[in-house]
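Undergrad: Structure in structure tokens, see below.
Coordinate-derived values only; no laboratory data. Every value quoted in this text rests on a predicted model; they were computed, and no experiment measured them. A quick note on method: Cβ atoms are made from the backbone with ideal geometry, for glycine too, and the neighbour counts reach across all protein chains shown.
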Amino acid sequence: VENAYFQVPELRGFEKFCEGRPVEEMPDITSRICGVCPEAHSMASTKALDAVFSVEPPPAAKKLRELFYSAYFVADHITNFYILAAPDFVMGPSAPKGDRNIIGVIGKLGHEIASSVLKHRSDALDAIAMVGGRRIHPTWGVPGGVSKPITEEQRARIEKIAESEIEFAKLTLKLFDDIVLSNPEYVHLIESDAYTTETYHMGLVDEQNKVNFYDGKIRVVDPDGNEFAKFSGADYKEHIAEHVEPWTYLKYPYLKNVGWKGLVSGKNSGVYRATPLSRLNVADGMTTTLAQSEYERFFRTLGRKPVHSTLSTHWARLIELLHAAERMRELSQDPEVASRVVRTIPSATPDEGVGVVEAARGTLIHHYKTDDNGFVKKVNLIVATTNNHAAISISIKRAAQELIRKDEVSDTVLNKVEMAFRAYDPCYACATHTLPGQMRLEVNIYDGKRKLVRSIRRPQIAQNEHFAAV
Amino acid sequence: MPTEQYSTKGIAIIGLGNPLLTDEGLGLQVIRKLKDDTDVPDSVTMIEAGTPGLSILSILEGYSRAIVVDIAQLGGKPGTVYVLSIEKQEPKKHPLNIGSMHEVDFISALELGWSAGLTIPTQITVIAVEPKDYRSFGLELTSEVSEAVPLVVKEIRRQLATVLNTK
């Protein structure tokens, strides 16, 4: 394999659609981009509105937002691990195609774990609904705070949910230990060159440089782990630039102060990652006890910091799951979350603002400019998948080069290449700001003379095969 | 909107789709129209679900019956109304595992729910309309799909009457 390119052939158009609309509609509009992380978009958007209207939310509103956001992380990370990552590890990367999915995982681990996964996901969504008004596409974020408080009864229910989520996170980490870390073959796979990409890493940290999903400064470390930059979201343009290639619609953000050197890794290339793994790499630790001890074990086991192995992202995600559940409990135990004072009414003339959060998949930036009446003049979104676009391409190339020999592209080999891609859980609906829906993955293999020798399309589930007309 | 979360479970009418993408907004528009009608029985819950992915399971949980409204590209003329039924069946061995969480579609979510033994409806009626444009950003339905909305509402009422009479 000489090279591997990852193309995103979608069309853009979302930013244009937003222009001329009242800026307060942005949390609702952006949360509709897709159904997987509406909470992240709605939160980045709400924070951008705080900045547009120069308003500081009261402490209870910030805590409610973070409580909501922790519940979102719990729901997202649970699903991600069991649905997306588990088939490769529980069933094995070489298992027959038909078994390597969540149904196979249920068959192997039992129905109990499946209902537990869905129950804990559903409970986290209940918490989201209690705080944010509804389970999906919540719209309670407003400039200066949130549109409704929670009751004492709801606070107590969320606390109970959080307790159970912590136990479930611990159980999931144990499962990861038993299935993945106790298997030398998997440990070898995780540490192998095929899945290692040395890049800069990016993520939000609090004032003590601890992981924070909701707020803080963006910290960047170099491939050796040294702090390279630390900045407020509002200054993102001084640090991040976007490179454009003619063959893909999706841009390649890179570190401006290192420079774009192409799709290459290493210290001289401005390519960075913003993933769950990156968040652990850029931080000095976690603020919660159990997650901190898992954090320490993670770096101790892998023997270095930063960790560059892409497949460790799955493990990092589970440590974050535990942290989110613990943070959810902490916040639910704070009596202030049931305060009735949840909004500061904005009085300044709107102009411009940037909102940054960590989405489950990585750093998410919303940037709006408005006229004096608050109508949108310009929108720029940099979503997690866009941040990771260059790194994803490099990881795929690396896996393809290490794993494909001659032109033998067996199903197992193809799946192993996909594993490099899957660890990022990319979202191309929101990265290209277009139609959500099924991703069609097509692998084209060219010979040395650039002649197409084989094309493999990942088969899709036929949508209508279950339909019977009545 | 607590009515959506804490209703006594009976029959759910669920609007799916993305309101930003022209005809993709059909499901939500139909639900809004039904919510304005005063004669829908209290035992029926109307839910604007949007694009819930796997979360459709926690929406469906506990309901005995569900009617889902969405667009479906089945090859007919734009505006054609289809009535389809999804029945619980043994999960097939799908020849793929997903590349991203964003690929969990409605049918896969249902299969997962059934496999995990959730109390979700075992039979779901889908009332779908052939779209004309579901790729352009826009808040309005195309005229073809918009004209189908009264037909969809009529069909929902017919389905409801059947279900409620046979209870």
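Undergrad: Name the lysines eligible as straight-distance cross-link partners of residue B:77: C-alpha to C-alpha under 17 Å, and not fewer than 8 places from it in the same chain.
TA: Counting by Cα, and skipping residues close in sequence, residue B:77 has these lysines nearby: B:132.
Undergrad: Which one of A:129, A:203, A:90 is farthest out on the positive end of the charge dipole of the range A:82-212, using unit charges on Cβ (Lys, Arg +1; Asp, Glu -1) and the Cα centre as origin?
TA: A:129
Undergrad: Would you calculate a helix-derived [θ] at 222 nm for the protein assembly as shown, using -39,500 (n - 2.57) for each DSSP H run of n ≥ 4 and dividing by the full residue count, to the nearest 500? Please list the in-between numbers first.
TA: Values: 21 runs with 246 residues, N = 637.
Computed mean residue ellipticity for the protein assembly as shown: -12000 deg cm²/dmol.
Undergrad: Can I ask one more? Using the Cα centre as the reference, give the magnitude of the dipole from point charges on the C-beta atoms of chain A (Lys, Arg: +1; Asp, Glu: -1; all else neutral), rounded to the nearest 20 debye.
TA: Values: 58 positive and 61 negative charges, 198 e Å.
Charge dipole of chain A: 940 debye, to the nearest 20.
Undergrad: If I take R0 = 22 Å and measure r between the Cβ atoms of residue B:146 and residue B:32 in this structure, what FRET efficiency does the formula 1/(1 + (r/R0)^6) give, to the nearest 0.05?
TA: 0.95
Undergrad: How far is it, in nm, from the label point at residue B:133 to the one at residue A:447 when both lie 7 Å from their Cα along the line to the Cβ?
TA: 4.5
Undergrad: Hey, another quick one. Alpha carbon centre of the range A:175-201 versus the range A:267-305: separation in Å?
TA: Value for the Cα centre distance between the two parts: 14 Å.
Undergrad: I've got another one for you. What is the mean number of Cβ atoms from other protein chains located within 10 Å of the Cβ atom of each residue in peptide A:95-102, rounded to a whole number? Can you show the working numbers first?
TA: Working: counts 1, 2, 5, 6, 3, 5, 10, 11.
Taking the mean over all residues of the peptide, I get 5.
Undergrad: Here's another thing I want to ask about it. Distance check, please: which entries in A:47/B:9; B:9/B:154; A:267/A:451; A:119/A:148; A:237/A:416; A:63/A:305 exceed 28 angstrom between their Cα atoms?
TA: A:47/B:9; A:267/A:451; A:237/A:416; A:63/A:305
Undergrad: Separate question: May I ask what percent, to the nearest 5, of DSSP beta bridges between residues of the protein assembly as shown are antiparallel? The partial results should precede the final answer.
TA: Working: 49 of 70 bridges.
Of the beta bridges lying entirely in the protein assembly as shown, close to 70 percent run antiparallel.
Undergrad: On a full-extension model of 0.36 nm per residue, what is the gain between residue A:244 and residue A:300, subtracting their alpha-carbon distance, rounded to one decimal in nm?
TA: 16.3 nm
Undergrad: Given a Förster radius of 25 Å and the C-beta distance between residue A:19 and residue A:235 as r, what FRET efficiency does 1/(1 + (r/R0)^6) yield to the nearest 0.05? Write out the running numbers ahead of the final one.
TA: Numbers: r = 24 Å, r/R0 = 0.95.
It comes out at approximately 0.55.
Undergrad: Out of the GluC sites (Glu not before Pro) in the range A:7-110, which ones are loop residues according to DSSP with at most 14 other C-beta atoms within 10 Å? Before the final figure, lay out each step's value.
TA: Numbers: sites: A:10, A:15, A:19, A:24, A:25, A:39, A:66; in loops: A:10, A:19.
Answer by residue number: A:19.
Undergrad: Mind checking the angle between helix A:38-52 and chain A's longest principal axis? C-alpha axes, 0 to 90 degrees, to the nearest 10.
TA: Once rounded, one gets 50 degrees.
Undergrad: For a quick protection proxy, order the peptides B:138-147, A:385-394 by their average other-Cβ count within 10 Å, most packed first.
TA: The packing order, highest mean first, is A:385-394, B:138-147.
Undergrad: If I model a spin label at residue B:88 and residue A:289 as a point 7 Å from the Cα along the Cα→Cβ vector, what separation in nanometres do I get?
TA: Each label point lies 7 Å from its Cα, and together they span 4.3 nm.
Undergrad: If we count every other residue with Cβ under 9 angstrom of residue A:270's Cβ, Lys/Arg +1 and Asp/Glu -1, where does the sum land?
TA: Within the 9 Å Cβ shell, the charges total +2.
Undergrad: Turning to a different aspect of this structure: Apply the Karplus curve 6.51 cos²θ - 1.76 cosθ + 1.60, θ = phi - 60°, to the phi angles in the range B:31-43 and return the couplings in whole Hz, x for Gly and Pro.
TA: Once rounded to whole Hz, the list reads 4, 4, 5, 5, 5, 6, 6, 8, 9, 6, x, 5, 6.
Undergrad: Here's another thing I want to ask about it. Report, to one decimal in Å, the Kirkwood hydrodynamic radius for the protein assembly as shown based on all distinct Cα pairs.
TA: 25.0
Undergrad: For the range B:114-123, take each phi angle, set θ = phi - 60°, evaluate the Karplus expression 6.51 cos²θ - 1.76 cosθ + 1.60, and give the result in whole Hz per residue in order, putting x for glycine and proline.
TA: My calculation for the range B:114-123 gives 5, 4, 7, x, 5, 8, 10, x, 8, 9 Hz in order.
Undergrad: Shifting gears a bit: Step through the residues of the range A:81-86 one at a time and calculate ³J(HN,Hα) from phi using the Karplus curve (6.51 cos²θ - 1.76 cosθ + 1.60, θ = phi - 60°), rounding each to whole Hz and writing x for Gly and Pro.
TA: 5, 6, 7, 9, 8, 4
Undergrad: Could you tell me the calculated FRET efficiency between residue A:267 and residue A:333, based on Cβ-Cβ distance and R0 = 41 angstrom, to the nearest 0.05?
TA: Calculated value: 0.40.
Undergrad: Sticking with this structure for a sec: Using a 10 Å cut-off around each Cβ, can you sort A:258, A:379 from fewest to most neighbouring Cβ atoms?
TA: On the way: A:258 20, A:379 24.
Ranked by crowding around the Cβ, least crowded first: A:258, A:379.
Undergrad: In addition: Determine which residues of the range A:294-331 fall in the zone a paramagnetic label at residue A:224 would reach in this model, i.e. backbone nitrogen under 14 Å from the point 7 Å along Cα→Cβ.
TA: Taking a point 7 Å out along Cα→Cβ of residue A:224, the residues of the range A:294-331 whose backbone N falls under 14 Å are A:305-306.
Undergrad: Could I ask something else about it? Cut-off 15 Å, label point 7 angstrom out along Cα-to-Cβ of residue A:152: give me the residues of the range A:326-362 whose amide nitrogen falls inside.
TA: Residues A:333-340 fall inside that zone.
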